[in-house]
Amino acid sequence: MKEYTTEFIRNVALVSHGSSGKTMLGEAFLHVTGATTRLGKVEDGTTVSDFEEEEIRRKLSLSTSVLPVEYRNHKINVLDTPGYTDFVGEVISALRVSDGALVLIDSVAGLEVGTEIAWHYCDVFKLPRFVVINKMDRDNADFKKALASVQEFSPVRLIPVQLPWGEKAAFKGVIDLLTMKAYANEGRTAEEIPAEYKAAAEEARTVLIEAAAEGDDALMEKYFESGSLSDEELLRGLKAVIRSGAYIPVFVASGAHEKGILPLLDAIIRLFPSPAEAPAAIAQGPNGEETLPASDSGPLAVYVWKTTADPFVGKLTYFRVYSGVVEADARLWNTNKSAEERMASLAVPRGKESIPQKVLHAGDIGTVAKLSVTSTGDTLCDKNYPLTLPKPQYPNALYRVAIAPKTQADAAKITPTLTRLCEEDMTLSWYNEPATLQTILQGMGDQHIDVAIRRAETKFQVGLLTMEPKVPYREGITKKGDAMYRHKKQTGGAGQFGEVWLRVEPSEQEYEFTDELVGMNLSRSYLPAIDKGIRATMQQGVIAGFPMSNVKVVVYDGKEHPVDSKPVAFEIAGREAFKLAVQQAGPVLFEPIMNVRITVPDAYMGDIMSDLNTRRGRVQGTESERGRTVVIAQVPLAEMLRYTTQLRSLTGGRGVFTMEFDHYEIVPPHIAAEIIEAHKKEMAEKKEE
Ligand SMILES: Nc1nc2c(ncn2[C@@H]2O[C@H](COP(=O)(O)OP(=O)(O)OP(=O)(O)O)[C@@H](O)[C@H]2O)c(=O)[nH]1
Ligand SMILES: [Mg+2]
């Protein structure tokens, strides 16, 4: 591939609700510009973008692919993101490194939930965007209606830059208001606008010119004086109002039928900023905050936005050069890890392909294989001039499963496999939960987890079983409790004797161990053994098998035997006395309480509130914006384990939520009783085995 310098590069993400045709539009971009010889199909698993085994199986995108589209001396790095909400992490990563976004709208469905989510993240990254009314060939395609549904949602005014030339089966191509020409099919040749569209086109162009005139004062003056703008001025003004976010231009296309393709690519090149024109990156440098315009002559700053793990290729690191130039084989400094990395096989990705490159200029996107310590979110730079670029915020996990290996052989590979899977995905993580002794894998939803489990199987040949995760309850006490225990084994052989009197009480600290021993009944030398016995019991729990915390233990008396007393006897006596004391001390279970924010269209608010009631939720307040209500509540984790799925069915996929841990609270007695009962049953079953 040719070498492209900054001003000839565009970085553009395709975002939208699932199935609105992003992958096919990307496929059409490549085919029409001659990068591929035939147009792949999502259904056949033959697109450049959806190349992963799981994507082919499911016939949809699961991760962001890079499709470099070479057209008119420019290279547009098209980032095709997945639309399914479970994979929003991929959208965030892609938008982080884009300078513009195409928001695709299915001409039949209009605005959908996924559109709103994508829109929200475009706002987060302050990206200029195009709306593309796509699939214009569909049976019930309706340009006006689809456009109106987006306008109703968008606070920013939408202005058509193209009109559809026909609709449904008669969709022929686009009528371009910038050039005032009609373009059939992919749009290679300009034609006169057909007579029946002339009036509509004139009217729409006037609206467009009026909007463009707001681009700057000189344009406004010119427009007032002459009543019009030249094509050159129109473009200049439009570019300005799109970048400032004052207007959003609207385009039409049919990716699968390769219609409207070249006019859209032209608009991307002309209206979206090159990396040099986009707002400069802000980095932390040796002298504090630093502004880095995309320029080859600036200090080197490379941001890692994606990592993939492959058993054959190894690790592949996707990056964007924000400033400076990256050369093959260069040694770069990873600021986050304080380590040097070699850019051994520098390349430009095109789907699964890696096209070797000698040099990548400021603003470009590339890959490098087999870096040793670098992970997503890291900055690579010059060792003598360390810089750190900011990492975006990813949503917290919403869905958890407990996992176990299928076989003994899988058990050994579980940790490295989970580590590699999570390295690929910023919204996937895992940990060992000490309270339940389960290995937990957490992500954005059931499909997200399902894909991860399958990747483990197909990519790394590791079989994983998933189970409902246990809630990490904690045990505690609510008042003082007193007990004594005598451990005595004095029949035959060496005897054991130990007697402990102790008191437990609630504590602010995790665990406190003290004594109030007076006189000579019990030697202080046995205290460590007693402490050890109690610590072990606290780990295992007393009433329901969960770790106990916030307890203070005071040993105040005891008895020993001159021959038979030994540490192990006091370990046992301490343990048993502790258990008895806890029973006197009002033992309770504590459960994690989560802060939850649920966003739904207003109409669903009643349903959400009453559902929260059944989940022991406490609503703390509501906020309302643009037809959507945000419900803020505290809900026990135990009631939220499958909420992603339940919210989806409650709202027809129109609701989203976020959740984070807040604090522990006492489990209500009737629920605690059930948990304790279940634990007793489990222990009894274990004994029988
Ligand atoms: N009629 C028609 N169908 C299309 C068009 N583009 C895509 N499709 C079909 O719509 C379905 C989804 O297309 P994709 O390109 O995979 O959509 P996507 O937006 O990438 O979907 P996700 O990857 O799930 O987000 C497939 O069955 C395509 O064949 C189009 O322009 N017209
Ligand atoms: Mg796709």
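Checking A240 against (1) more than 24 Å from V373 (Cβ to Cβ); (2) touching a residue at least 60 places away in the same chain (Cβ under 8 Å); (3) surrounded by fewer than 24 Cβ atoms within 10 Å (Cβ to Cβ); (4) away from ligand 2 (no atom under 16 Å from the Cβ), which single condition isn't satisfied?
Condition (2) is where A240 drops out.
Looking only at the stretch 29-59, how many residues end up being surrounded by 17 or more Cβ atoms within 10 Å (Cβ to Cβ), part of a helix (DSSP H, G or I) and either at pLDDT below 95 or acidic (D, E) (or both)?
The total comes to 2.
For P263, all conditions in the list (1) touching an Asp or Glu at 6+ places or on another chain (Cβ under 6 Å); (2) in a loop (DSSP other than H, G, I, E, B) hold save one; what is the number of the exception?
The number of the failed condition is (2).
Does A276 count as within 16 Å of ligand 2 (Cβ to nearest atom) and surrounded by fewer than 23 Cβ atoms within 10 Å (Cβ to Cβ)?
Judged against the criteria, A276 is not a match.
So, in the stretch 68-93, of the ones that are in contact with a helix residue (DSSP H, G or I) (Cβ under 6 Å, 6 or more places away or on another chain) and within 11 Å of ligand 2 (Cβ to nearest atom), which residue ends up nearest to A28 (Cα to Cα)?
That would be D80.
If V113 satisfies all but one of (1) away from ligand 1 (no atom under 14 Å from the Cβ); (2) modelled with pLDDT under 95; (3) β-branched (V, I, T), what's the number of the condition it fails?
Looking at each condition in turn, V113 falls short on (1).
From the list F578, F590, exactly one residue is assigned to a helix (DSSP H, G or I) and either under 20 Å from R474 (Cα atoms) or modelled with pLDDT under 95 (or both). Which is it?
F578
If you go through the stretch 463-496 one residue at a time, how many are of a type in the set (V, I, T) and out of contact with any Asp or Glu (no Cβ under 8 Å at 6 or more places or on another chain)?
Going through the stretch 463-496 one residue at a time, the tally reaches 3.
Given the conditions (1) buried (at least 23 other Cβ atoms within 10 Å of the Cβ); (2) within 11 Å of ligand 1 (Cβ to nearest atom), which single one is not true for V108?
In the conditions (1) buried (at least 23 other Cβ atoms within 10 Å of the Cβ); (2) within 11 Å of ligand 1 (Cβ to nearest atom), V108 misses (1) alone.
Which members of the stretch 394-422 meet the condition of being charged (D, E, K, R) and either assigned to a helix (DSSP H, G or I) or over 14 Å from N432 (Cα atoms) (or both)?
K406, D410, K413, R420 - these are the residues of the stretch 394-422 that are charged (D, E, K, R) and either assigned to a helix (DSSP H, G or I) or over 14 Å from N432 (Cα atoms) (or both).
Would you be able to tell me the number of residues in the stretch 1-28 that are assigned to a helix (DSSP H, G or I) and away from ligand 1 (no atom under 12 Å from the Cβ)?
3
In the list G545, G533, which residue meets the criterion of being surrounded by 19 or more Cβ atoms within 10 Å (Cβ to Cβ), in contact with a helix residue (DSSP H, G or I) (Cβ under 7 Å, 6 or more places away or on another chain) and modelled with pLDDT of 95 or more?
Result: G533 is the single residue among G545, G533 that is surrounded by 19 or more Cβ atoms within 10 Å (Cβ to Cβ), in contact with a helix residue (DSSP H, G or I) (Cβ under 7 Å, 6 or more places away or on another chain) and modelled with pLDDT of 95 or more.
Quickly run through the stretch 352-386 and pick out the residues that are in contact with an Asp or Glu (Cβ under 7 Å, 6 or more places away or on another chain) and surrounded by 17 or more Cβ atoms within 10 Å (Cβ to Cβ).
Answer for the stretch 352-386, where residues must be in contact with an Asp or Glu (Cβ under 7 Å, 6 or more places away or on another chain) and surrounded by 17 or more Cβ atoms within 10 Å (Cβ to Cβ): H361, A362, L371, T374, S375, L380.
So, in the stretch 1-47, of the ones that are within 11 Å of ligand 2 (Cβ to nearest atom) and of a type in the set (A, V, I, L, M, F, W, C), which residue ends up nearest to the chain's Cα centre (by Cα)?
Looking at residues that are within 11 Å of ligand 2 (Cβ to nearest atom) and of a type in the set (A, V, I, L, M, F, W, C), I get V15.
The values are calculated or read from the model by the stated rules, or taken from the named source; none is laboratory data. Owing to the predicted nature of the structure, the values given are computational and were not obtained by experimental measurement. We place every Cβ from the backbone using ideal geometry, glycine too, and count neighbours over all the protein chains shown.
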